[in-house]
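The values are calculated or read from the model by the stated rules, or taken from the named source; none is laboratory data. Just so it is clear, the model here is predicted, and its values are computed rather than measured. All Cβ positions, even for glycine, are placed from backbone atoms using ideal geometry, and neighbour counts span all protein chains on display. Calculation scope for accessible area: heavy atoms of the full protein, side chains included, ligands and nucleic acids excluded. Shrake-Rupley method; radii C 1.70, N 1.55, O 1.52, S 1.80 Å.
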Amino acid sequence: MSTTQAAVARHWIDGQWSDSGEHRDSVNPATGEVIGSYAMADAKEAQAAIEAAKRAFADPGWRTDRLLRARVLNRMADRFEERADELVELLGRENGKVNDQGRLEVAFAPETLRFNAALALTDTGTNSQVTDGELSLVVRQPVGVAGIIAPWNSPVALGIRSLAPALAAGCTAVMNLPWQTAQTNTLIAELVGGTPGLPPGVANTLTGGHMSGDALVRSLDVPTISFTGSTATGKQIGAAAAANLKRVGLELGGKTPLILFEDADLAQALPIVVSALIVFSGQFCMTGSRLLVHERIADRVRADLATRLRAVKVGPASDPASEMGPIIGKPNVARIDKIVEDAIGQGATAIVRGGPITDGPLAAGAFYRPTLLEVHDNSMPIVQDEVFGPVLTMQTFSTEAEAIAMANDSQYGLSASVFSRDVDVPLRVALALDSGSVWVNDWARLHDQFEEGGFKGSGLGRMRGFAVLDDFVEFKHVRLRPGTTRLR
Ligand code: NAD
């Protein structure tokens, strides 16, 4: 393939670049400047990609050759490593991520690809001689074309998080990447699509939105959907997929509680609390957005955290001193600020008001300063609903049971952090939390060999870990009765 990116960011379908009738502008959220243009997919492009993936799946070359799949995934990992700097630069310009946060995202891709290359080679099932001389065995077969839908907040890490296991399992795939990161998507398409040995049509990449995503969800030729996005959209996708008994993996929203016990090491914990709020400008499914603090340390935490949040250096990715970049766009700044205003109107106390930056050199961008609100009512929308911005609530508790009850009183169950120097408390609390991931004295530490996903409204199924392949395979029980079961 040509490795030269076209002026217009395009789709990658059936082993070649593909355009659309509609072109739109890509915008830098830190400045409001147009940085390029892109082709926008709708159902037509999705259909072309599905047909290419269906043809590629019909050829047994890919789905039956696990060595080929492992080799291709490892080569793809090399390509993501070799071009990491470009990906980080694009994420800074188009997605607003400051340098170290862009690196954090980009570093996931090769690790995930290599782990899934290994999974492709370690396919094992169960078998048993259930009756004397007769065998039962279970084989896993790829389901067919996987539809992958990823959100704008981390397109590199999340697109690959679904694509790698789909390919490892032997599926072919259509990735619907978000229009907000079209320039980044094109480099992802180039790195994936240009991998030596990858047959045309096996991995197709679209830049689109709900139209192309919906076409994947409704197509009878796409038996599995791996979706990462909001809980509201996940519910719609689940309902639409159910009409065709299509399987869905859903990685959805969160409202991560950070629980600070009285014996927490605050010098270690509070910088982590700040990171949990500001990484990706609070636009992270695992953003630490609910701080639960033991009442006896509340005054210290309130004062220290306020100082730290006021000191966060907000700015563009192009400034190496920036610690937190912009929000994805100005409409989202207005949306977040309305949520904060409503919360204050409903009784929240602004410890640090934060809010939009409306004057000075950053005013043209979509910047929002970190906000800390103290609340006493767990049922308030600011505690219950995902904000997807740098807004933290603080509540106090007096007992361990109360902290657990407050943390679990949520529609979400994606992740949680527990801070304590006790030997017993962290594990006891971790086991009691309704949460797919729990970190003790830490936050957002993910490893490819361990499952990641949500309880309750945060999702269905798991990404990463050994369970990741389950969204992409059928289990088949084969019962073997040999020609004769008697010894001669
Ligand atoms: P979203 O749900 O609005 O959209 C996600 C993507 O889905 C869009 O880019 C679009 O292409 C597609 N889409 C939208 N409507 C669709 C429809 N009806 N049918 C098919 N496809 C459709 O989410 P967003 O605002 O882009 O992303 C932010 C959300 O994603 C947050 O809620 C965040 O918590 C969540 N998220 C979850 C994880 C996780 O791993 N659990 C990771 C990152 C983000």
Legend entry - Whichever residue in the stretch 259-277 is in contact with a strand residue (DSSP E or B) (Cβ under 6 Å, 6 or more places away or on another chain) and away from the ligand (no atom under 16 Å from the Cβ) and, among such residues, is most open to solvent (accessible area, probe 1.4 Å): Glu262
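So that you can scan it fast, the table gives a plain yes or no per residue for (1) away from the ligand (no atom under 16 Å from the Cβ); (2) over 18 Å from Pro257 (Cα atoms); (3) at pLDDT below 95:
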position: Cys285; (1), (2), (3): no, no, no
position: Ser289; (1), (2), (3): no, no, no
position: Val293; (1), (2), (3): yes, no, no
position: Ile297; (1), (2), (3): yes, no, no
position: Arg300; (1), (2), (3): yes, yes, no
position: Leu309; (1), (2), (3): yes, no, no
position: Val314; (1), (2), (3): yes, yes, no
position: Ala317; (1), (2), (3): yes, yes, no
position: Glu323; (1), (2), (3): yes, yes, no
Inset, instruction - At least 1 residues that are under 24 Å from the mean Cα position of the chain (by Cα), of a type in the set (Phe, Trp, Tyr) and over 30 Å from Val143 (Cα atoms) in each: list the strands (runs of 3 or more DSSP E) lying fully within the stretch 408-480 that qualify. - result: 437-440
Inset, instruction - Output the residue which, of all residues in the stretch 231-255 that are touching a strand residue (DSSP E or B) at 6+ places or on another chain (Cβ under 9 Å) and open to solvent by 50 Å² or more (accessible area, probe 1.4 Å), is nearest to the ligand (Cβ to nearest atom). - result: Thr233
Inset, instruction - Filter the stretch 175-185 down to residues that are out of contact with any Pro (no Cβ under 9 Å at 6 or more places or on another chain) and either among the aliphatic types (A, V, I, L, M) or away from the ligand (no atom under 16 Å from the Cβ) (or both), then give me how many there are. - result: 2
Inset, instruction - May I ask you to list the residues in the stretch 174-228 that are surrounded by fewer than 24 Cβ atoms within 10 Å (Cβ to Cβ), part of a helix (DSSP H, G or I) and touching an Asp or Glu at 6+ places or on another chain (Cβ under 8 Å)? - result: Gln180, Gln183, Leu187, Met211
Legend entry - Hey, Gln101 polar (S, T, N, Q) and either surrounded by 24 or more Cβ atoms within 10 Å (Cβ to Cβ) or over 30 Å from Asp19 (Cα atoms) (or both) or not: yes
Legend entry - Residue among Val106, Val139, Val88, Val143 that alone is within 30 Å of Ser322 (Cα to Cα) and more than 16 Å from the ligand (Cβ to nearest atom): Val88
Inset, instruction - Of the conditions (1) buried (at least 23 other Cβ atoms within 10 Å of the Cβ); (2) over 30 Å from Ile160 (Cα atoms), Gly389 clears all except one; give me its number. - result: (2)
Legend entry - Count - residues of the stretch 393-407 that are in a strand (DSSP E or B) and open to solvent by 20 Å² or more (accessible area, probe 1.4 Å): 1
Legend entry - Residue ID - farthest from Lys456 (Cα to Cα), chosen from residues in the stretch 216-230 that are hydroxyl-bearing (Ser, Thr, Tyr) and more than 7 Å from the ligand (Cβ to nearest atom): Ser219
Inset, instruction - Report whether or not Gly61 is open to solvent by 10 Å² or more (accessible area, probe 1.4 Å), part of a loop (DSSP other than H, G, I, E, B) and either out of contact with any helix residue (DSSP H, G or I) (no Cβ under 6 Å at 6 or more places or on another chain) or more than 30 Å from Tyr368 (Cα to Cα) (or both). - result: no
Inset, instruction - Tell me which residues, restricted to the stretch 316-355, are surrounded by fewer than 21 Cβ atoms within 10 Å (Cβ to Cβ), within 24 Å of the chain's Cα centre (by Cα) and part of a loop (DSSP other than H, G, I, E, B). - result: Pro316, Glu323, Gly329
Inset, instruction - Could you tell me whether Val130 is part of a strand (DSSP E or B), touching a Gly at 6+ places or on another chain (Cβ under 7 Å) and at pLDDT below 95? - result: no
